[in-house]
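Since the structure comes first, as structure tokens, the remarks are kept for the end.
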């Protein structure tokens, strides 16, 4: 157990970032998130749409807009500020994925790491059809 804790602390320490990911949950920051002003309506729509595609790392299946957890508010503010600064959606998604993994994506890309998860439903379906046909042929 001690080895696991040591490995986790080394892993997290080696991935420390220079820029802060979380902002202290002060009352001013909470108000800043809820009253955030964009330069245009298009920018606001883009920010909200992007925040809806990112999952809150703390919550059970809620996006950054739906969640009221402190981390979701911090990340929502980060997304809003990056949109206002002119960052692309791809940059913001990469930024969030780098820090929290593919968990923050509702539709993770198909790659080696999650290929098994994408294939399991198909394999189960094929197995079910095979067993159903075999069962029907045996009864006939």
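Just so you know, all these numbers are worked out from the coordinates, no wet-lab data involved. Every value quoted in this text rests on a predicted model; they were computed, and no experiment measured them. We place every Cβ from the backbone using ideal geometry, glycine too, and count neighbours over all the protein chains shown.
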Given R₀ = 25 Å, what would the calculated FRET efficiency be for residue 62 paired with residue 123, taking r from the Cβ atoms and rounding to 0.05? 0.25
By average Cβ neighbour count within 10 Å, what is the ranking of 80-89, 101-110, 130-139, 47-56 from highest down? 47-56, 80-89, 101-110, 130-139
Separation between the residue 41 and residue 91 pseudo-spin-labels, each 7 Å from Cα along Cα→Cβ, expressed in nm? 2.6 nm
Quick one: check the C-alpha center-to-center distance for region 80-140 versus region 55-77, whole angstrom. 21 Å
